[in-house]
Every structure is written in C-alpha cells, then in structure tokens.
Amino acid sequence: MLLQKILKQHPDAELYYRLSDLYIQKGRQTGDITYFNLASTSLREALSLQPDLEAAHRHLAYVLYTIHDFAGAATEATRAIQLDSRDSNAYGVLGDAQLETGKYKDAANSYARMSEIKDDLYSYSRRSGLETIMGENDAAVADLKRAIAAGIQSSEPPEGVAWAQVRLAEDLFLMGKLEDANAMGTAALKTYPGYHRAFAVLGQVSAAQGKLDQAADFYRRAIAVIPLPQYAAALGDVYAKLGRQKDAQEQRQLVEFIARLNVLNKVLYNRVLVDYYADHDIDHQQALDLAAGEFQIRQDIYGHDALAWALYRDGKADAALPHIISALRYQTSDARLYFHAGMIYAALGRNAQARAMLKRAFAINPHFQPILDEVAQHEYVALDGSSRPQIADDSGAHH
C-alpha cells in the first residue's frame, strides 16, 4: 500500500490516521478482525506523534469497541469528546460501549447528546439499538428507516447503508415479521453485493420460513466471505434439521476451531460460544465459565440471559432465575429470551409462568431458531396437556 511506504520514510500522524481509516473500512466490509488490529497499530503510531489528534482517539475508540475492549473504547471516546465536544461519532461510540456493558441510562444520555449534534445514518442507527432493547419497536424501526434514508441522501459508503438495512432486517426478524425482514435483507445485498451480514440474516429468515436448503445456501455464502463461528453454528443447525448429520458435525468442528484460534477470538466469540454450548446442551462447565467471565464485563440483558441459559443447562435453574428476570426487565421483543425463561420456570415446577413465557415467545416469533423452536413446542404441549399454541405467521394464518 502506497501510504505504508510513505509512512516508513516520513512518519506523519495525519497519514497514519488516514491509513487506519482504510483498514477500518476494510474490516467493516469483510468482517476480518485483522484489519482492526492493523488500524489500532496505525492509530497508536498517529497518537505517539500527535497525542491530541482528536479523530485518532475517536477512531481508536471504535476499533477497541469492535474488538470488545469496552473499557478502552469508553476511555478513548471520552478523550475524543474532551478534545472536541461537538464530535457526534465520539458520543456514539461511547454510547455503544455503555450499551454493551448494560449501562443503559448512560448510553441513553450519550446517544441523546450525539443526536443533538448531528442527525445522520450513524446517530439514528445507534439510537435504534437502545430502543430495541427497551422494547420500543416502533421507534427502533422508524430510526433505522431514517438512518437508511439519511445514508442514501448523504452518499455514505454502501457498506454503511447496507449495515443499517441489515440491522433493520434483524429487528424485523426479532419481531416475527419475516417477509419484511427478508425484503430488507435482500435490499442490503443490492446496496452492497456479497455482504456477509446480509447473507446471514437472509439465512436466519429462510430457516424460520422452513426454507432450509435456501437457508443453508445463504449461510454458506456468508461463511465464504468470513467464517464467523455464529454462521457455522447456524449452518450446522440447518444441516441437522435437514438430516445431514455429517455436514452438521463438520460445521460444529468449525465453530470449535474458530473459537480456539487465538486469545482475541476467545474475547470476541465468548457469548457466541455460550449460546452454542447451551443451545446444544453440551460442555456445560465451559459454557458456564465463559458466561460468568463475560458477565463480569458485560452486565447487559444478553449477559444476564447467557448466564441464565448456561446455569439452566448445568442443572442450576434456581441460580438462573434472577438472571433471566433481569434479562427480561425491559420486555425486549426477542423470542429466545422468553423461551429461556419458559424453560427455567418449567424446571422449577412453576408451570403457569413457564406456559405464559413460552406463549409469549411464540407470539413474538414462533420460528426463532431451527433446533429450539420444536423444543419450545414440545415443552408447551407437555405443560399445557392440551394442544399446541395458536401461532399467527406473517400471512395471519395459523398452524
């Protein structure tokens, strides 16, 4: 790369910053964490030459957030804000770090300040993440639509617009609006062809619609771009549902391989692994250790949920209960949370609450995960002693 050659001969803070920008863009496009490590090195070089380069602190905050160093991200974002109190993106990254660690009130304040300074793709889409957690679905959808429109209008990079479209597709999936989610995932692929996040969300939607061969194809295409463990785990589940046990086993081995590649992977994918082990009812102690480690740093609703699910699988439903109650404190529209709650209440013999929680999961999205929605159905029938719950799908039909 030309910039690298120039920098070897003439170190320059601004050029190091511009090089980091290229690495970050590449990292966002490909999902390859190597580029964020390269960006981090460039930014630290820039700051060693010019410690008060505000944009470098902001970029470093974003890089640290991406590799799950949330405390480091908050520190760098705060430094960027001290240097320029009008940097909306610095407030945005600070809010993101607060969101991921469960500091929701602080995140709300950071996002409010961000939005006051600038309304753009990034401010709208970031704010939507908090709204989704708070169960404010209409507000979240409206903000993501605003984000997409703003991104198109201001000619943001196609990957940025596609990212917001995928976020909207993911939210629509959580709400059980499968047709709308499919349309938005398809739109993201048109905006940015070959986008791994778009392939993944379309795989998730296809699996929920029972189009398993199509789902497998989307997940394979996502993995061809970047083999993330969550994609391999999802593909493995689709193969299992198709009866392709050998293929399913290969994907499960891939999950384990990716997870154990290096220390950074362990940091990045701990929560993915907790879900993977607990969903498949394997390696209970490993799931519990990872969930407990994550929870020390990230006490957000999904940190509580992961710990609750791991504890339940390890036969500790009583210890799981306070965590799943915390996970549901905002009544977030996520069928998985209610499914986990239902299973925990059932294990404690609290059948009425278990039934209510499972019914809520079905009402949100009856096909939330290929290998678990049938478990939920069976559990509900066992608790109910009568029939399957009436489930409305996108078309309003009942199964």
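With mean projected area of the Cα convex hull in nm² as the read-out, I listed [x] 19.4; [y] 21.2; [z] 28.0; which label goes with the value calculated from this structure? Identified label for the calculated read-out: [x]. Can you give the log10 of the normalised intensity I(q)/I(0) at q = 0.13, 0.24 Å⁻¹, computed with Debye over equal Cα scatterers of the stretch 1-113? Cα-only, vacuum Debye calculation for the stretch 1-113: -0.47, -1.28. Taking the chain as a Gaussian network of alpha-carbon nodes connected by springs under 10 Å, the highest mean-square fluctuation of the residues Ala207, Ala139, Ala306 belongs to Ala139.
Mean separation of Cα pairs under 8 Å and 6 or more residues apart, divided by the residue count, gives the chain a relative contact order of 10 percent. Coupling constants for the stretch 230-241 follow from the phi torsions by the Karplus curve (6.51 cos²θ - 1.76 cosθ + 1.60, θ = phi - 60°), and in residue order they are 5, 6, 5, 4, 5, 5, x, 5, 5, 4, 4, 5 Hz; glycine and proline get x.
Taking the chain as a Gaussian network of alpha-carbon nodes connected by springs under 10 Å, the highest mean-square fluctuation of the residues Leu121, Leu321, Leu49 belongs to Leu49. In order along the stretch 36-44, the phi-based Karplus estimate (6.51 cos²θ - 1.76 cosθ + 1.60, θ = phi - 60°) of 3J(HN,Hα) comes to 6, 5, 5, 4, 4, 4, 4, 5, 5 Hz; Gly and Pro are listed as x. From least to most packed, judged by other beta carbons within 10 angstrom and beginning with the fewest, Ile364, Ile258 follow the order Ile364, Ile258. For the pair the stretch 302-338 and the stretch 206-276, the centres of their Cα atoms are 23 angstrom apart.
Rule-based calculations on the coordinates, nothing more; no lab input. Worth saying up front: this structure is predicted, and the values here are computed from it rather than measured. Cβ atoms come from the backbone with ideal geometry, glycine included; neighbour counts cover every protein chain shown.
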